[in-house]
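Okay, structure first, notes after.
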2 protein chains.
Amino acid sequence: MPLNQFKVIGLPGLPEVTAGDDLPDLIAQTIRQEDVRAENGDILVIAQKIVSKAEGRVVRLEDVAPSAQALDWAETHGKDPRVIEVVLREARRLVRMERGLLIAETQQGYICANAGVDTSNVPQGTVTLLPEDPDYSAAEIRKSLATELGVELAVIISDTFGRPWRNGLANVALGVSGMSPFVDYRNERDRFGNELKATQMAVADELASAAELAMGKTAAIPAALIQGFSYPEGEGYGREIVRPPENDLFR
Amino acid sequence: MPLNQFKVIGLPGLPEVTAGDDLPDLIAQTIRQEDVRAENGDILVIAQKIVSKAEGRVVRLEDVAPSAQALDWAETHGKDPRVIEVVLREARRLVRMERGLLIAETQQGYICANAGVDTSNVPQGTVTLLPEDPDYSAAEIRKSLATELGVELAVIISDTFGRPWRNGLANVALGVSGMSPFVDYRNERDRFGNELKATQMAVADELASAAELAMGKTAAIPAALIQGFSYPEGEGYGREIVRPPENDLFR
């Protein structure tokens, strides 16, 4: 019986990405330089940060005039009011605003800390925003890489989110292209004949988590290639992972 | 520059586990049979289900007398009142009891659906409970495998949890032994000199998610070996991943 196995390869050596850079081209160059052989069916996981930078989703804080609400919150909690102002602008709704933490529903529908506004791995005095439409970004990158590398990859744009109830952060999928984000076991039966009622695995999130282990927050490895995993075929979107408010018990 | 990469190998071929089975011995046999070479520093991820079965954490529903509360809830939502009774007994506290869903804090402190009581991959008429102390279980398995295989592994006992705000399930770590469940970047600096303030990655959860991708809900692959990942050394426990109620905004 062939073993069910896959490999996760961090892709180092990407240069610092700035607005207007051709990200698929930079990734293709890295893959070639590192002598990784990308194959049809591989999955490329890319950190949101470099997608945002390439798309110019960067805000210079000196251009931001904080509102009274931002000034008040920032003063109470020892934060930069300009960063808070950007967070409030990116938030469609504030889910929690307590103990110095801002958990927000972003314009794209994700629920995460600081509405995805990030002050790490960016030049000082700037912050990044999430891509406007990570599924669109993933699809565009996928198309370009098919041309650049001559192979059909699935693409996941990942970000690092906190979770209720559990300490520490884990990577999840924001944008997905070229695969379904779920493996669905519903209506299948286990070996005892029990129906698997509620089992729909968020494999895109699990792939994003797996990729994070080969990336690095300080080591400048913002992308990883996953080889040998048979992902669920079909068109799918990261936005399908966002649970609609009416089905959510924790908003 | 050597590539940052690791491999995840599903371990098939484990027999059906029952109470009193020597699980480390069964796993060691499987590793030998499949011609996988386990090495010092590999991580073994084991599905909670087989640990629970080996530990006899199985309840026969014919022995369960449902309470009035269980009968009432079961009737309203079309559930088996005996299963609901077991869930209520396993729950230290109910976090949400809405729309047919029971989200509970278990006796061990985890927050999950049905207090971890599971009706899938078990003989009909029975349910499994979570191990009483998954960190203890992980440590015992680790010790036995060191003897059986002659190598020092880290061990993670994983389970499949739902998440607020996101559709689909993902695997997380319940018990951990032989590694820290976190990689801590706090006080480190990125390449721009920004301090990484809140970045503590829950790598044990990410490893559990990665392993799930090589397992299978219906394919009877309840364990996986992860090779080539440099995990954070030191003693650590899965219970450290459980966020204390006083730091949690979503209880």
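Axis of helix B:68-77 versus longest Cα principal axis of chain B: the two differ by about 80°, to the nearest ten degrees. Separation of segment B:189-211 and segment A:90-115, taken as the distance between their Cα centroids, equals 20 angstrom. Placing pseudo-labels 7 Å out from each Cα toward the beta carbon at residue B:230 and residue A:187 gives an inter-label distance of 4.8 nm. Label point of residue B:150 (7 Å along Cα→beta-carbon): distances to the other copies' equivalent points are 4.7 nm, sorted ascending.
Each of A:101, A:137, A:124 was scored by the projection of its Cα onto the charge dipole of segment A:78-152, and the greatest displacement toward the positive side belongs to A:101; charges sit on the C-beta of Lys, Arg, Asp and Glu.
Label sites at residue B:63 and residue A:93, each approximated as a point 7 angstrom past Cα along Cα to Cβ, lie 4.6 nm apart. Shape call for chain A from the C-alpha gyration tensor, a ≥ b ≥ c root eigenvalues: rounded (a/c under 1.5), prolate (a/b greater than b/c) or oblate? Cα axes put chain A in the oblate bin. For the set A:7/B:53; B:79/B:143; B:7/B:143; A:7/A:79; A:143/B:49; B:53/B:79, the pairs lying more than 32 angstrom apart at their alpha carbons are B:79/B:143; A:7/A:79; A:143/B:49.
In nanometers and ordered shortest first, the copy-to-copy spacing of the residue B:89 label point, defined 7 Å from Cα toward Cβ, is 5.8.
Label-point distances for residue B:193 to the equivalent site in the other copies, using a point 7 angstrom along Cα→C-beta, read 7.1 nm when ranked shortest first.
Between the alpha-carbon centers of segment A:8-52 and segment B:1-75, tell me the distance in whole angstrom. Cα centroid of segment A:8-52 versus Cα centroid of segment B:1-75: 36 Å apart.
For residue B:195 and residue B:40 in one chain, what is 0.36 nm times their gap in residues minus the Cα-Cα distance, to one decimal in nm?
Length difference between fully extended and current span is 52.4 nm.
Applying D = kT/(6 pi eta Rh) to segment B:59-127, where Rh is the Kirkwood radius over alpha-carbon pairs, T corresponds to 37 °C and eta to 0.692 mPa s, the Stokes-Einstein value obtained is 274 µm²/s. Answer with one residue from A:181, A:69, A:216: the one whose Cα lies farthest towards the positive end of the charge dipole of segment A:66-216, charges on Cβ with Lys, Arg +1 and Asp, Glu -1. Selected residue: A:69.
Taken together, the values in this text are just the output of simple stated rules run on the coordinates, not laboratory data. Quick caveat, the model's predicted, so the values are computed rather than measured. As a convention, Cβ positions derive from the backbone with ideal geometry for all residues, glycine included, and neighbour counts pool all protein chains shown.
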